[in-house]
Every structure is written in structure tokens, then in C-alpha cells.
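What follows is one structure encoded as C-alpha cells, with my remarks underneath.
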Amino acid sequence: MKRLPAVTVLPAVVLAVVLAACAPVPSGAPAIGGGSAVPPRPAGVEELTAPPSGATVAPASCDPTASLRPTGPLPTPGQMPGGSTMARIQAHGRLVVGVDQNTYLMGFRNPFSGELEGFDVDMAREVARAIFGDPGAIQFKVLTSDERMPALEERRVDIVVRTMTVNCERWQRVNFSTVYYHAGQRVLVPSNSEVTGIESLGGKRVCATKGSSSLANVAAAPSKPVAVSVPNWTDCLVMLQQGQVDAISTDDTILAGFAAQDPYTKVVGPQFTAEPYGMAFHKADEDFVRFVNALLERLRADGTWASIHRRWLGAPPAPPVAVYRD
């Protein structure tokens, strides 16, 4: 018997694609390969026509870097004073911390382990260690810049450790620790860009996150760039890579993470703002602020702060000096 040649059966989807390719092109349809797709923009993108408005007006005498003085030495971990905010957290069994997962080196999700890591994450673990004696007694809640203060006000978190600049307007709604890191706002651009800093971005689209002081600083810059607001910092990086914005402007710590992730970018220009970071608390939790300030004093003195800095950000400078308002 003569053997018939084998017949290859194409999957239905593949067959449909083949038939479509063989069909005549309808009149008026563009030829295959003509034009290019427009990259989609991240959800929630907004171009500002005016600087974002502040919710409150701070007193002219305000020093945003001055916090509440510790009242004494730290209590023994696991033995928080009765009736204190720390005792409430201890009874809950874990410290609930608002953090970022999109800022490489500061607060990001390790793609291999799935764990949150970074300078801010390690600082938050030290707070858990001081309360429980265990840095793992912690629950992270990922927040956008715009969600930080509402999360505290609604008590969805106990503390926020998320590259948060202390300023007088924010002090009206939340409390802050002493400064635990000094950053400054700069500009990130593609490596072939001729931009030299914020002063050369007039009329150009510059990305920052909604609710950040960086966005307000871009919108108020004398060179009059077009401020583009997005929910997350990684949205800014995607838009820069797709040519949808000309630059990103925020704290140099965040930009350093972007530059490490994308070698086709560069940080340019000097710092044009000071961005002191503080840990943020509910307005009523003054005892917790004083507790954390006592902890920060110890971390500065015993070398822990320097060790965390070295792990994530390189050779450490002298840690920020504590300033108190009482």
C-alpha cells in the first residue's frame, strides 16, 4: 500500500492568522508595516496647568526639621509602657508600616525573593526591633506618595517610612521624627539629552508623582516646565523610556535608583531643593514620635545608621543631627 504524506494540522489561531495574511488587503487599508503604534500611557497621568494647591498654611515660624524630644531611654523590647501607643502596637503583634515598592535602593520589591528591601525598609525594621525585639514583627503596606498622609490619618498604618520630606504644611496633618536622611531634588534625563538641569526644562514635560513635594517644586520652577503627575515613580521611568516626558525630577536618592536600573539615563544639575526625610506618625501619637526619636539617637550613635546606609547607598556621610522643638 502506498503511504500518504503526513498532513500537518495547524492550530485554529495560527490558521486564522495565515489565512488573514493571504487575504487581499481591503481598499483603503494601510499596508502591513505602515506606521507605528503609539505607546500607551500609564493610568492616572495628568499634566498640570498650575501648581498643586496646599491644604493648609503653615505658621511662618515653623522649622520643619524640629521634632519632639525623647523623654528618656528606650524601654526594653517587648515591655512597652502601659497605655502607650507602643503598647497598643505590641498588643497587635506587629508594626504596620507604610512603604514604597517602586524606589530602587530605598523601598523596592526584590524580583527574586519577592521581599521588600531598601534603606527605608531597613530603618522601619529597626523600629519593629525596638518594640518587639524582632525586626520581622512587621507588616508592610505599599503606599503611593499621595496615600501617605491619609493612611496615617485613617490609622491604616502605624508609621510611614517612605522617602517623605518633612515640611511645614505636612506638619499640620501628621507628626514627624527627626530627620533620618538628607536628600535634594535634581533631574534625570536620557543619556543623550542636552538638558543641564531644571533651568533648561522650560516648556518641557517633567514627571513627578502626585502628592509629592517634587511635583510642587517642578510646577513652581521659574523655568516653567510642564509638570506631569503620575501615581508611582516607576510610571515616570516608563514614560521617560518611551519618550512621553523629557525628564524626571525628584530626590537624588530616587534618581540614583533609576540611573542604576537604566544605564541610558543620567542625573544632571545641582540640587535645587533640600529634601529632609522624616518618619511620619498620626498627629495624636506624640509618645511614639518621642520613642522613635530616642531610637534614631541610638542608631546614629552605635553605627547602625551608617551600616544601613553603606548597604544600600554607599559610603555614609555623618548622619543628620537631631533638632528638637521642645
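The values are calculated or read from the model by the stated rules, or taken from the named source; none is laboratory data. Not measured: the values here are computed from a predicted model. Cβ sites come from the backbone with ideal geometry, for glycine too, and all protein chains shown count toward neighbours. Protein only, heavy atoms only, side chains kept; ligands, DNA and RNA dropped before computing areas. Shrake-Rupley method; radii C 1.70, N 1.55, O 1.52, S 1.80 Å.
A quick yes/no check of all residues on (1) modelled with pLDDT under 70; (2) β-branched (V, I, T):
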| residue | (1), (2) |
| --- | --- |
| L15 | yes, no |
| A37 | yes, no |
| R41 | no, no |
| P59 | yes, no |
| P73 | no, no |
| Q90 | no, no |
| V99 | no, yes |
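The single condition among (1) closer than 18 Å to G203 by Cα; (2) part of a loop (DSSP other than H, G, I, E, B) that S249 does not satisfy is (2). Checking each residue in the range 141-155 for being open to solvent by 30 Å² or more (accessible area, probe 1.4 Å) and free of Cβ contacts under 8 Å to residues at least 60 places away in the same chain picks out K141, V142, P150, E154. Go through the residues of the range 282-295 one by one and say whether even a single one is open to solvent by less than 50 Å² (accessible area, probe 1.4 Å), more than 16 Å from T165 (Cα to Cα) and free of Cβ contacts under 8 Å to residues at least 12 places away in the same chain. No, there is no match, as no residue in the range 282-295 is open to solvent by less than 50 Å² (accessible area, probe 1.4 Å), more than 16 Å from T165 (Cα to Cα) and free of Cβ contacts under 8 Å to residues at least 12 places away in the same chain. Here K204 passes the criteria (1) in the same structural domain as H92 (by TED's automatic domain parsing); (2) among the basic types (K, R); (3) more than 18 Å from the chain's Cα centre (by Cα) except the one numbered (1). Looking only at residues of the range 296-320 that are over 18 Å from L105 (Cα atoms) and touching a residue at least 12 places away in the same chain (Cβ under 8 Å), we find that the one that is surrounded by the most Cβ atoms within 10 Å (Cβ to Cβ) is L296. What about V268, is it among the β-branched types (V, I, T) and farther than 29 Å from P190 by Cα? Against the criterion (among the β-branched types (V, I, T) and farther than 29 Å from P190 by Cα), V268 does not qualify. Is one or more of the residues making up the range 80-94 of a type outside the set (S, T, N, Q), under 24 Å from T165 (Cβ atoms), in contact with a Phe, Trp or Tyr (Cβ under 9 Å, 6 or more places away or on another chain) and surrounded by 18 or more Cβ atoms within 10 Å (Cβ to Cβ)? Looking for residues that are of a type outside the set (S, T, N, Q), under 24 Å from T165 (Cβ atoms), in contact with a Phe, Trp or Tyr (Cβ under 9 Å, 6 or more places away or on another chain) and surrounded by 18 or more Cβ atoms within 10 Å (Cβ to Cβ), one finds none in the range 80-94, hence no.
Pull up the range 175-192, narrow it to residues that are of a type in the set (G, A, S) and touching a helix residue (DSSP H, G or I) at 6+ places or on another chain (Cβ under 8 Å), then point me to the one that is surrounded by the most Cβ atoms within 10 Å (Cβ to Cβ). That would be S177. Please enumerate the residues belonging to the range 188-223 that are among the small types (G, A, S) and in a loop (DSSP other than H, G, I, E, B). Within the range 188-223, S191, S193, G197, G202, G203, G211, S212, A220, A221, S223 qualify. The test for being open to solvent by 10 Å² or more (accessible area, probe 1.4 Å), assigned to a loop (DSSP other than H, G, I, E, B) and either touching a strand residue (DSSP E or B) at 6+ places or on another chain (Cβ under 7 Å) or without any contact (Cβ under 8 Å) to a residue 60 or more places away in the chain (or both) does not hold for K266. Inspection of the range 232-242 identifies no residue that is in contact (Cβ under 8 Å) with a residue 60 or more places away in the chain, assigned to a loop (DSSP other than H, G, I, E, B) and not polar (S, T, N, Q). Counting the residues of the range 246-263 that are open to solvent by 10 Å² or more (accessible area, probe 1.4 Å) and aliphatic (A, V, I, L, M) gives 3.
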